[in-house]
Ligand SMILES: [Zn+2]
């Protein structure tokens, strides 16, 4: 590993690796053939904080989406972190849950300490009958 790589090169390389992982993943519909729609409400907080810092809604394009839910950590100083909740979400979808939720603590590190970001998600799904 070259130690003098620029941040933008690292960022674009991370994006390329993410795309490769998505391309290698099975399609979501191959894993959960009965899935019709999926929406994820995502909240990111710091451990111990009661107010979420970031909330956003992700509409998953079920027809084309990969079976991969690996969400980046939103702390820009965090390295090695992220929230891979693929297994939790696939398990909920296979059980045909209409609403499910969970959380995932980032295990990356910021400049000075372990990253304390926690992702909370609520999934809302519908299924073909
Ligand atoms: Zn993090």
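Read-outs: derived from the displayed coordinates by stated rules, not from any lab. Just so it is clear, the structure is predicted and the values come from calculations on it, not from any experiment. All Cβ positions, even for glycine, are placed from backbone atoms using ideal geometry, and neighbour counts span all protein chains on display.
Annotations
- For region 104-129, the tally of residues that are more than 12 Å from residue 71 (Cβ to Cβ) and without any contact (Cβ under 8 Å) to a residue 40 or more places away in the chain stands at 9.
- Residue ID - nearest to the ligand (Cβ to nearest atom), chosen from residues in region 104-129 that are under 25 Å from residue 33 (Cα atoms) and in a strand (DSSP E or B): 121
- Some residue of region 33-40 being within 16 Å of the ligand (Cβ to nearest atom) and not in a strand (DSSP E or B): no
- No other residue among 44, 17 is in a strand (DSSP E or B) and either out of contact with any helix residue (DSSP H, G or I) (no Cβ under 8 Å at 6 or more places or on another chain) or farther than 19 Å from residue 104 by Cβ (or both) apart from 44.
- Taken over region 70-129, the criterion of being exposed (fewer than 12 other Cβ atoms within 10 Å of the Cβ) and either in contact with a helix residue (DSSP H, G or I) (Cβ under 7 Å, 6 or more places away or on another chain) or farther than 20 Å from residue 22 by Cα (or both) is satisfied by 76, 95, 98, 99, 111, 112, 113, 128, 129.
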